[in-house]
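Derivation of every value follows stated rules applied to the coordinates shown; laboratory data play no part. Computed from a predicted model, the values in this text were never measured in an experiment. Neighbour counts are summed over all protein chains in view; Cβ atoms, including those assigned to glycine, are modelled from backbone coordinates with ideal geometry.
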Amino acid sequence: MIARSQRERLLEAAVRVVAEQGYAATTVADLTREAGISRTTFYAMFEDKEACFLAAYDVVVDTLVRRIASAYEAEEGWPRRARAGLAALLDALAEEPELARLALVDVGAAGPAAQRRYRAALQRLTPFFDEGRDFAPGGRNLPANTSRMAIGAVAGLISDELAAGRAGQLPDLLSEVLFATLVPYIGPVAAAREAG
Amino acid sequence: MASQSRRELILAAMIRVVGSKGYKETSVADVIEEAGTSRTTFYKHFEDKHDCFLAAYDMLVEQVFAEVVANCDGEQSWLERVERGLATIVELFAVDPQLARTAVVEVAAAGADARQRHWNAVARFTAYLEDGRELANGRELPENISLMSAGAVSGLIFDELLAGRAAQLPALLPDLLFAMLVPYIGPRAAADEMRRVAAAG
């Protein structure tokens with residue numbers, strides 16, 4: 001029980017520290033100090049800084065996906081569900097800009113394993129997009145990669161805002177990210193109508 | 001001239017080494033060994049590894065862009081241009097997986113300024129291919145629609161490269177074409193183009 005809470009404290013500390021000073025500049029000593037644990041305890045739980053960061057990253061992604069899912073599932077009809085899910089994502093990222101940068105931008109600096117985690121995290125959104133296939137007329141004939149494309153488009157729009165330091169304005173991006181989500185399934189005319 | 005070409009040798013070596021070892025693991029020693037130059041020469045041209053990488057990245061983008069323009073100019077329609085442009089990029093990446101990895105994957109590990117360069121390059125390619133607005137027949141499209149295409153296309157390419165499947169990129173061309181076109185012309189027309197290219201390929 002105590003071991004579990006130490007782990008949680010450490011993961012929270014890792015998110016804070018890496019978000020604040022960047023992955024490259026973060027040391028294990030920074031993490032243990034921020035979490036108030038010993039070096040021995042750290043190494044009993046994780047092999048190195050990267051392993052700890054990856055575990056912390058998973059927690060961040062879990063939280064985001066849960067928040068998206070509960071907003072999405074509260075609505076009926078795919079375009080409305082997509083709108084609610086995307087709004088929840090943008091709000092969550094806008095509330096915690098450092099976390100947003102960590103989750104979508106700085107993760108690339110933490111090496112190939114972290115990059116794979118990032119791509120895997122994006123793919124966890126696939127079920128929310130795939131419902132567009134059932135909704136769209138002829139949706140079954142769309143390329144197998146359609147949800148990956150839509151996710152890439154959404155991630156591109158969001159990353160561009162984050163890189164420009166506009167995390168706080170992310171909620172204003174809702175109609176664009178909704179358009180990007182809907183358009184491969186229902187086309188630009190219907191997507192613009194839904195997103196407007 | 002001699003020093004100019006030595007500089008380019010170093011830049012080309014940087015692209016190859018980063019593409020095979022990864023940015024973090026690459027040292028100045030690796031690069032000068034690959035380039036066959038001295039440390040002194042390296043530091044005459046560049047402040048450090050990062051400085052050299054940024055210059056190498058700029059060179060890489062210019063090379064890829066020049067290839068795309070060379071294959072795209074002329075009397076082509078927008079659709080042909082998008083298709084030729086994407087085909088040029090995936091073929092280039094397929095024959096030179098190290099360049100591809102440096103261009104798309106490793107650049108993310110090289111700091112915020114490098115990532116910005118990558119994104120600027122992607123935006124430049126999509127803007128070049130962007131005349132697609134004409135095809136929307138005066139319909140109102142979102143202002144940043146080319147960013148959507150860019151994100152969709154670069155996400156697919158990123159996943160392939162991260163999985164070490166550079167050689168299989170040309171097989172993805174129909175999907176990439178769909179991703180690029182769909183925000184402009186919708187799924188039915190984009191799927192027609194996709195099938196046409198798949199049948200021709």
Counting each pair of different Cα atoms once, what's the Kirkwood radius of the protein assembly as shown in Å, rounded to one decimal?
22.2 Å
Please list, in order along segment B:182-192, the HN-Hα scalar couplings obtained from phi with the Karplus expression 6.51 cos²θ - 1.76 cosθ + 1.60 (θ = phi - 60°), rounded to whole Hz, x for Gly and Pro.
4, x, 8, 10, x, x, 5, 5, 5, 5, 4
When A:Trp78, B:Trp78 are ordered from fewest to most other Cβ atoms inside 10 Å of their Cβ, what list results?
B:Trp78, A:Trp78
At a 10 Å Cβ-Cβ cut-off, how would you order A:Leu178, B:Leu9, fewest neighbours first?
B:Leu9, A:Leu178
Sites A:Arg140 and A:Ala55, calculated FRET efficiency, Cβ-Cβ separation with R0 22 Å, nearest 0.05
0.05
So, with +1 on the Cβ of K and R and -1 on the Cβ of D and E, and no other charges, what is the size of the charge dipole of chain A about its Cα centre, to the nearest 20 debye?
400 debye
Stretchable slack from B:Gln116 to B:Ser38, in nm (0.36 nm times residue separation minus alpha-carbon distance):
25.0 nm
Dipole magnitude of the protein assembly as shown about its Cα centre (Cβ charges: Lys, Arg +1; Asp, Glu -1), debye to nearest 20:
680 debye
For B:Asp73 and B:Asp51 in one chain, what is 0.36 nm times their gap in residues minus the Cα-Cα distance, to one decimal in nm?
4.6 nm
Within segment A:1-85, DSSP-loop GluC sites (Glu not before Pro) with at most 16 other C-beta atoms within 10 Å are A:Glu47, A:Glu75, A:Glu76
Using only the alpha carbons of segment B:56-100, what is the convex hull's orientation-averaged projected area in square nanometres?
3.0 nm²
